Each structure stands twice: as C-alpha cells, then as structure tokens.
Amino acid sequence: MKYNFAAVIMLVFAIGFSGSAAASGDTLRISKKEAEALFLNNNLELVAQKLNIQQAEAQIIQAKLWPNPEFSLDELNLWATKNQLSSGESIPGLIGNFGKNREFTAELSQLIKTGGKRKKRIALESVSRDITTVYFSELIRELKTQLRKNLYELSFQQSYLSVLTTQHIELTKLLLSFEKQYAQGNLNKPELFRLKALKLDLNQQIVEAQKEVHGIQKELSVLLNLPSDTYLIADVPDQFNTNLPGRLSLDNLISIAAENRPDGRISILQQNLAQKTFDYEYARRKPDLTLGLNYDRGGNFLLNFFGFGLRFDVPVFNKNQGAILESKIGIEKSKVETQQKNRVIEAEVTGTFRDLQKSLTAYQNLDTAYITDLDHVFQSYTTYYVQRQINMVEYLDFFDAYISNKKTILLTLKQLQDSLEELNHATAAEVNE
C-alpha cells in the first residue's frame, strides 16, 4: 500500500506546530525540580511576601523608637508700641538690642510612656513579624502544590494530545489509501464518509486538548514568571513508588502535619498575638506622663523665669475598658480558632491519605502487559481492517476503545500524582522522600 507521504508530513507539521510552540516563543522542557527552582526565584507573589516581612521588620524598628521631645514658642510680641512703653518699664535685649522689649514663653516637653507600653508594643510587632514570616512558608506550600499539580496536568494533557495526534496521523494515512480505492470503485461511499466523520471528531478532540494545554501554560507562566509566549513541555516521570503507602501510618502523618503545617503555626501565633494585644491594651489603662521645662521672659515679676511641669490624664471615665474587654475576648476566640484549625488539619490528612490509597489501588490494577501490547494490537487491528479481516464497526469500536484506554491509563497516573501532592500539602512535608 502506498501513501501520500508529502501530505502526511504536512499534517504532522501542522498539528505539531499548533500543539507545541504555537507562537514565536521559546520551547522549554522542564522537570519538576527545575520548575520549583524557577518558582522560588521568580514568583512575584513570593517576592511581594518577602517585602511584607521587611515591612514587618520596619514596624519593630518603629516601635523601639522613643517619642520625640516637643518644643513650643508662644506669646511672642513682634513689636512694642509707644503706649505699651509709656509706663517707663522696658525689657533689656538678649544680645545687644536683639530681643529688647520682646516678651515670649518657650517650653520643652517629653512624653514618658508608663506601664511598659513601649516594650509591649515591641513584643506585639515582633509577633506580627513572626506571623508574616510563617505566612511566607504557607504561601510557598500553597503555590508549590499548585505548581506541581499544574505540571502533572500539563504532562497528562500533552501525553493525551500526543495520543490523539498519532491517531490522527494513522487515520489520515488510512483515509488517503481509501480515497484512492474509492476513486477506483473498490470502496463504497458510506464507509469513506464514516472515516471522514471519525477524523472530524478527532480534529475536535485535538483542538479541545490544545485548549487545555494552553490554559495550563498560562497558569505556569504566571507561577514561574516566564514570558507569556514560552511553551513548556513537562518532563515528569511516569513511574511511581508503589511501596510508599506501606511505609506511612495515619497517626504518624497527623503528627507530622501538626508539627510542620505553617497555617497551624500561624493559629498558635495568633493566640500569642491576642495575648500580647491584651497586655498592651491593659497597660494603656495607665496614663502617660509629659514632663516639661518652661521659660518665660518678661511675663511676670521675674524677667527670666524657668519652671517645670507635669501633665497626665486623670483616668476617671476612660480606663480603656472596652479595648481591654475586646482583647480579652480575642484570646478566647484565638483558642477556639486554633482548635478548629487542628481539627481541619487532622481531617485533611485523613482524607488525603485515604485518597492516596484509592489512587494507588487503581494504579496497581493497571495491567502492564496490556499497556505494552495496546499499541501493537491497534496496529494489528488497522492491518486487519485494511485487509478486510474485520469490518468497519469492529475497527471503529476498537479505535474509540484505544483512545479511551490510553486516556484512562494517563489519567490514573495523574490522579495518583495529584493524590500524593495533596498528601504532601496536607502534611507540609515531602512524604515520598
């Protein structure tokens, strides 16, 4: 049987071009390890969170600063009229005639915070900094899981697209041959049209698979901060350590999660923050002091008067009762939220561990010999059909079954990979290492 190889080559080129580079951008084959390295260095959300940590550090610096002293100048007369000097009294100049007959008052004051408010404010900002730092770890945990699952999805879609493309090529070859036979009167028209309908349906499946690939490419380009026209090819192993779950126990995984989960540590830090907030608000019930040094020139019987002053609020009505009560309730609220978070963590670990076991069972049930022989059997069916040893209905049934089985095999592996990543996410640990 002879084929129109020029047409086939053009078809391969067209499908490969639309399904891979698709534009003028670079093609980058990337493994999970390489993707994670790019993610840690390039991801803009992580860069922004690092800046949040620096802002929190700056708040601690600000909390450590003492209040500035205040200086005021009042009651300064810029001139003195003849009527004001008619009594014969005058004020000598400060230096020569400078300041002659000028009256003014000056005050220098300093606020003194009482009750350890400054130290408590520093402690409060320090806990806020710690929460921001741990949130950075939580952000990495969330985005890394998203990155890995996107890579697995990309690998699945690209592998499935490869299956569809290969089938499209084989079907095109078959159609080219059958069109020649139809032209020679050796094939009926309905059979030829049924193959063309199959090809049309396969074209649509390829388009849908390409759309899925492009959507994942978009997500990954944002996560990795790559040019939008970069085409990624996922280099993900298709093997899995089936002995892994046997080395894991649910109780051990829950303990690992309780120790490692950043959101769990954040809930504990929130308790600490609530306690520090209460300490600070309780300290604010004590009034602060303002110490002052006054100078009055020509304002009383003394020409140059120096005096000292002390100011503070009298806590008769406002003893910060509302803020103290609010912060006290905040302590109880944070305890309840921590208990809730612990229950959520335990439930997530339990659920993801069970999902992993189910996914592993499905993966282990795959017949390796069947997977290996599937492509050979399809080639045999195609040969049988060309030689008229089987009819069109049998061939089309196997054609659909072949693509469906290929997709199921690929999907089973992806589900297993996803289940493992969900368990890694739930425990905040690499349980497969």
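The values are calculated or read from the model by the stated rules, or taken from the named source; none is laboratory data. Everything numeric here is computed off the predicted structure, so don't read it as measured data. Cβ sites come from the backbone with ideal geometry, for glycine too, and all protein chains shown count toward neighbours.
Structural remarks
- Residue match in segment 300-310 (condition: at pLDDT below 95, more than 50 Å from the chain's Cα centre (by Cα) and surrounded by 14 or more Cβ atoms within 10 Å (Cβ to Cβ)): yes
- Every pair of residues 6+ apart whose Cβ atoms lie under 8 Å, when the first sits in segment 54-70 and is in contact (Cβ under 8 Å) with a residue 24 or more places away in the chain and under 30 Å from Glu107 (Cα atoms) while the second is surrounded by 12 or more Cβ atoms within 10 Å (Cβ to Cβ) and of a type in the set (Gly, Ala, Ser): Pro69/Ser109; Glu70/Ser109
- Residue list for segment 82-118, restricted to those being part of a strand (DSSP E or B), among the polar types (S, T, N, Q) and at pLDDT 90 or above: Ser109, Gln110
- Residue match in segment 345-355 (condition: within 24 Å of the chain's Cα centre (by Cα), among the small types (Gly, Ala, Ser) and surrounded by 11 or more Cβ atoms within 10 Å (Cβ to Cβ)): yes
- Residue check, Ser419 in a helix (DSSP H, G or I), touching an Asp or Glu at 6+ places or on another chain (Cβ under 6 Å) and either farther than 19 Å from Gln205 by Cα or not polar (S, T, N, Q) (or both): yes
- For segment 384-413, the set of residues classified as of a type in the set (Lys, Arg), surrounded by fewer than 21 Cβ atoms within 10 Å (Cβ to Cβ) and either within 22 Å of Ala347 (Cβ to Cβ) or under 39 Å from the mean Cα position of the chain (by Cα) (or both) consists of Lys407 only.
- Listed by first and then second residue, the pairs linking a residue in segment 24-49 that is over 17 Å from Thr230 (Cα atoms) and at pLDDT 90 or above to a residue that is in a helix (DSSP H, G or I) and of a type in the set (A, V, I, L, M, F, W, C), with Cβ atoms under 6 Å apart and 6 or more places separating them unless they lie on different chains, are Gln49/Phe136; Gln49/Leu139.
To keep it simple, each residue is scored yes or no on (1) within 28 Å of Leu413 (Cα to Cα); (2) under 21 Å from the mean Cα position of the chain (by Cα); (3) in contact (Cβ under 8 Å) with a residue 24 or more places away in the chain.
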{"residue": "Arg194", "(1), (2), (3)": "no, no, yes"}
{"residue": "Leu198", "(1), (2), (3)": "yes, no, yes"}
{"residue": "Gly215", "(1), (2), (3)": "yes, yes, no"}
{"residue": "Ile233", "(1), (2), (3)": "yes, no, yes"}
